[in-house]
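Visitor: First the structure, then my questions, so here it is.
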Amino acid sequence: MNFTVVLPLLASLVSLLFTLMVFDQFLHRRRTYQIVWTIGLFLFTLAAFSQFLGTSQGWSENTNFYRLWYIAGAIGTSSFLGMGTIFLIAPRHVAVTVLSVLIIAFVTAAILVLTAEVNLSALSAHSLEEITGKGYPSYVRVMTPFFNIFGAGFLAFGALQSAWVFWHKRIKLYRVISNLFIAAGAFTASSAGVITRFNLSGSDAFSLATLLGVTLIFVGFLISIEVFEEFRVPFTRIVFKVRTHEPEKVAAQ
């Protein structure tokens, strides 16, 4: 079994289910952070699936897979996941301003990626370079750290901050567990980029870190009542379980 091909496919399936469930929650609750997270998760799905297509068919056979992977994965995913967290922890007017800047930056970056020349010699069929940005010129690659640090940073920071606040107040302890899973997922997914950037291991390690990262974030979201108040078949009225918020407990003095 070629895990280089299978792992991205599994990651895309997990992410697609995750995306549909969060979007379904948005349709019922209309929370801004939910639609922003939906965008980030959908971009992750596109990135993982394009990685599956690229590794199974060869990146050099169709550079569109590589362009889609770079736009959705290297630039978009963490940015919009982190942006969703900003809507949770920052005043709305601040979050809206940051989102406006992010959209402009993302569109600009996407145009540069789509119009840049791809170095096909860097896209060998079964090498570490198949899942890095080395196929693009430096003016494209220099953008990605800003998007990733912004997105992964806010996703992890927001999760850890929330975990500490709820632990310190001894209220909604499920939020502590939920946010620790989200933070672990953010760090794990970020490690995938470190693996490829510094040639620490093969592409299987990158794919495994990606799959594990999205799975941990998914588990964290499932634990959180704020994200999943109901469990049901997406886009239907078939409800499996409805959860209620636990009463807040005052910490002992």
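The values are calculated or read from the model by the stated rules, or taken from the named source; none is laboratory data. This one's a predicted model, so the numbers in the text were calculated from it and none came from an experiment. Using ideal geometry, Cβ is built from the backbone for each residue, glycine included, and neighbour counts are taken over all protein chains shown.
Visitor: Is it true that some residue in the range 61-70 is more than 18 Å from the chain's Cα centre (by Cα), among the hydroxyl-bearing types (Ser, Thr, Tyr), modelled with pLDDT under 85 and crowded, with 18+ Cβ neighbours inside 10 Å?
Guide: Within the range 61-70 (the criterion being more than 18 Å from the chain's Cα centre (by Cα), among the hydroxyl-bearing types (Ser, Thr, Tyr), modelled with pLDDT under 85 and crowded, with 18+ Cβ neighbours inside 10 Å), the answer is no, since none of the residues qualifies.
Visitor: Which of the residues belonging to the range 2-20 are within 15 Å of Thr55 (Cβ to Cβ), among the polar types (S, T, N, Q) and modelled with pLDDT of 85 or more?
Guide: Of everything in the range 2-20, just one residue is within 15 Å of Thr55 (Cβ to Cβ), among the polar types (S, T, N, Q) and modelled with pLDDT of 85 or more, namely Ser12.
Visitor: Same structure again: Take the residues in the range 209-221 that are crowded, with 22+ Cβ neighbours inside 10 Å, closer than 23 Å to Ser56 by Cβ and hydrophobic (A, V, I, L, M, F, W, C); name whichever of them is modelled with the highest pLDDT.
Guide: Val214
Visitor: Still on this structure: List pairs: first residue in the range 155-168 and hydrophobic (A, V, I, L, M, F, W, C), second residue not in a helix (DSSP H, G or I) anywhere in the structure, Cβ distance under 6 angstrom, at least six positions apart or on different chains.
Guide: Phe166/Lys172
Visitor: Here is a further query. Residues that are over 23 Å from Met143 (Cα atoms): which helices (runs of 4 or more DSSP H) entirely in the range 1-105 hold 1 or more of them?
Guide: Where helices (runs of 4 or more DSSP H) fall fully within the range 1-105 and carry at least 1 residues being over 23 Å from Met143 (Cα atoms), they are 3-29, 32-57, 78-89.
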